[in-house]
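Report on the following structure.
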Amino acid sequence: MIKKIKLRGEYDFDKVAGEVLRSLKVEMATGFDELEIFNEIIGRRVITHLKVTSCGNEFFFKKSSVAREEERFGAEVNRLVKKNLYLLLVANFALDEVPYGIMHGVRPTKIIQRWLSEGYGVTSQGVIDRDRITRRICSDFLTERGKAQLLTEVAIRQLPIIKSGAGKIGVYVGIPFCKTRCLYCSFPSQALPAEKVIAEFMTALNRDMAAATAAINRYGLKVQTIYVGGGTPTALPENFFAEMLASVYKNFHGADVEEFTVECGRPDTISAEKISVMKKFGVTRVSVNPQTMHQKTLDIIGRKHTVADVERAFKELRAAGSWQINMDLIIGLPGERLADFKATLEKILELKPDDVTIHSLAIKRGSKLQTRLADELNRLEDFNLPDDEEVRAMADYADKVLRGENFSPYYLYRQGYMSGQIENVGWCKRGAEGIYNVQIMSERQTILGVGAAASTKIPDKWQIRTAFNAKDLKTYIKDLERYIAKREAVMAQVYGGVKNGIRDARRDD
C-alpha cells in the first residue's frame, strides 16, 4: 500500500491526476512508500515527472507530450497530464490498463459529436470517416479499440435524432417515490409516504408544471419528448397516478410530441388500471426493469418482487398497447457470475423487448451498498461481487448476443466507480431508439425539469446552463417558488431574445 501520494508544481492538477490514480487503482499497488507527481509546461509541451520512494531508495520517471494545435490549450494540458501519468504508471507499476484509458466523464460521445460539428473526421464529400475518429480516440485517450469503435458507432447513430430535436425541447417530470430502496440506488427517492404528503406533493407538482407551461408558451417552444421518471412513478396509488398523468398530458402534450415515456420500473407497481391510464393519455414508451431474472439476487438487492412479476407485467403491457418496451439489466450484481447473466439475458430476450439497457453496477455515494462498504472497511468480498474481468465478460457477451438479435447500441453513458470500469449502453431494434435518452445524453437540446430532484439543462452553444429542484421532498414543496424562479431566470438568460424558437440576432451573447 502506498503510504503517501504528493502532487506539486506551479499548476493545480490534483483533480485530473486523481482521476488517473483512481481508475488504475493505484492505492492497491504494493512495494512503494511514496509517490510524488510533478508537472511542468514548456510552450505547448507538457512534461510529467514521477518520483517513487521505496525502502529509502528514490526512482525517477518522466514522460513528455505535445498539445494538439486545434484544441483549446487548457483542456489539452489536462488531457496530456492524464495521458503522461497513465503511461508512466502502467509502464513502471505493472498496472493493468483500463478499457477507457484516461477518458473521464458521463457523456464520452459528446467529444466525438463536437469533433464532427467542427468538421473533423468528415470528408469533403460529407462522409464520416469512422476509422479516423476511432484512431484519434485511441491515441488521445488511450482507449481500447473496441470501446473507441463503440463510442464512434453510438455518436454517429445519434446524429439524426439530435438533428430532429433542433428548435424543440424535452420535459422531465420527477416523481420521487419508490416502494423500497434498492441496495445500489442513490437516486433521491423515498418510500411511498402517507396520502396527505402525496397530495401536498401533487399540489406543488401541478404548480411547477403550470409555471413551466407558461414559460414554454412565452418563448414559443415546442415539446418533442415527455419523460416521467423518478423514483418509480407507478409507485403512486392509482388515483394519484391518474391525476399526475392527466396533468402532465394537459400541460405538455401537443402536436409536436413524438415520444411520451413513463418509467414504470418496478413490475410490482404496474396494474391494469395504471396501464389503462397510460394508454388513455397517449404514452408511447414504457419500461419494466427486472435488473436480473434470479430471485435470490432480487432478494439480496432489496427488490420486493418476483421473477414472475416481471413476466406478468411485461406481457400485460405488451397486450395492452403498441408502445415500445424497455428492460433494464445490471451486470456485476452481488453473487452473480457470467453464467447467471447469460441465463437472465436469455429469459429477457424470450419476452422480445424493443429496447434493452445494460447497466454496470456502480457503487454510488449515498447508496446502501456504499454505506455498508464504508462501515465494513471496504470488504468488497463480503458482497461476493464479480471482479472487473468477469463484468467485462458479461458486457462482451451482451454485445455479441444483442447484435445477433438485431439490436444495436444507440446511447451510452458512464459513471464513477463502475464495475469493470466500462459503461451503460442502451440497445434497441432499428426505429425503437428512445429520443429522450439520446437528447439528455447529448446535451444539445433543452430539457425542462419539473418535480422533485428534477434538473433543467439548457445548451447555450457548447455550454450548459442549469437549474436544479430540491432533492428533499419537504424542501421542494416548501421552497417551490424559489426553484421556479431559478428555472425562469436561466430560461430568460438563454431565451430572452427568442421568439417562436428562433434566437434574435440582436441579443447580446
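Laboratory data are not the source of any read-out in this text; all were calculated from the coordinates shown. Given the structure is predicted, the values throughout are model-derived calculations rather than measurements. Cβ atoms come from the backbone with ideal geometry, glycine included; neighbour counts cover every protein chain shown.
Please state the charge dipole magnitude for the stretch 221-303, taken about the Cα centre, from unit charges on C-beta atoms (+1 on K and R, -1 on D and E), reported in debye and rounded to the nearest 20.
Working: 9 positive and 9 negative charges, 14 e Å.
Result for the stretch 221-303 is approximately 60 debye, rounded to the nearest 20.
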Give the angle, between 0 and 90 degrees and rounded to the nearest 10, that separates the Cα long axis of helix 338-351 from the longest principal axis of the Cα atoms of the chain. 30 degrees
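Scan the chain and hand back the longest stretch that contains none of the trypsin sites (Lys or Arg not before Pro) lying in DSSP loops with at most 11 other Cβ atoms within 10 Å. Could the numbers behind the result be given before it?
On the way: sites that count: LYS3, ARG72, ARG365, ARG379, ARG430, LYS461, ARG506, ARG507.
Maximal segment without exposed cleavage sites: 73-364.
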With 0.36 nm assigned to each residue of separation and the Cα-Cα distance removed, THR180 to GLU69 gains 34.7 nm
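By how many nm would the segment from ILE128 to GLU238 grow when fully extended, if each residue of separation counts as 0.36 nm and the alpha-carbon distance is taken off?
Working: separation 110, 0.36 × 110 = 39.60 nm, distance 4.94 nm.
Length gained, ILE128 through GLU238: 34.7 nm.
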Scattering profile of the chain at q = 0.10 Å⁻¹ [log10 I(q)/I(0), Debye over alpha-carbon scatterers]: -0.88
So in the chain, what percent of DSSP beta bridges are antiparallel if you round to the nearest 5? 50 percent
Compute the orientation-averaged projected area for the stretch 302-351 from the convex hull of its Cα atoms and round it to one decimal in nm². 4.0 nm²
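Once R0 is set to 35 Å, what does the formula 1/(1 + (r/R0)^6) return for the Cβ-Cβ distance between LYS25 and SER164, expressed as a FRET efficiency to the nearest 0.05?
It comes to 0.25.
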For the stretch 109-161, what value does the Rg/Rh ratio take when both radii are computed over Cα atoms and Rh is the Kirkwood radius, given to two decimals? 0.94
Thinking of the stretch 59-152 as a set of Cα atoms, what percent of all their pairs are more than 20 Å apart? 41 percent
Compute the helix-to-body angle for 307-320: its Cα long axis versus the longest principal axis of the chain, expressed 0 to 90° and rounded to tens. 50 degrees
Could you tell me how many degrees, from 0 to 90 and to the nearest 10, lie between the Cα long axis of helix 195-218 and the main elongation axis, the longest principal axis, of the Cα atoms of the chain? 80 degrees
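Evaluate E = 1/(1 + (r/R0)^6) for GLU34 and PHE383, where r is the Cβ-Cβ distance and R0 equals 30 Å; express this FRET efficiency to the nearest 0.05.
Working: r = 32 Å, r/R0 = 1.06.
Once the sixth-power term is evaluated, E becomes 0.40.
Pop the C-beta distance of PHE59 and LYS15 into the FRET formula with R0 = 35 Å and round what comes out to the nearest 0.05. Spell out each step's value before the answer.
Values: r = 25 Å, r/R0 = 0.73.
Plugging the Cβ-Cβ distance into 1/(1 + (r/R0)^6) gives 0.85.
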Once each part is reduced to its C-alpha centroid, what is the distance from the stretch 65-95 to the stretch 197-218 in angstrom? 47 Å
Which one, ASN289, THR306, THR261, is farthest towards the positive end of the dipole of the chain when Lys and Arg carry +1 and Asp and Glu -1 on their Cβ? THR261
Assigned charges on the beta-carbon of Lys, Arg, Asp, Glu; the chain dipole about Cα centre (debye): 1120 debye
Which value, to two decimals, describes the C-alpha radius of gyration of the stretch 390-463 once divided by 2.2 N^0.38 Å? 1.35
Expressed in nm to one decimal, what extension gain is obtained for the pair GLN463 and ALA492 from 0.36 nm per residue of sequence separation less their Cα-Cα distance? 8.9 nm
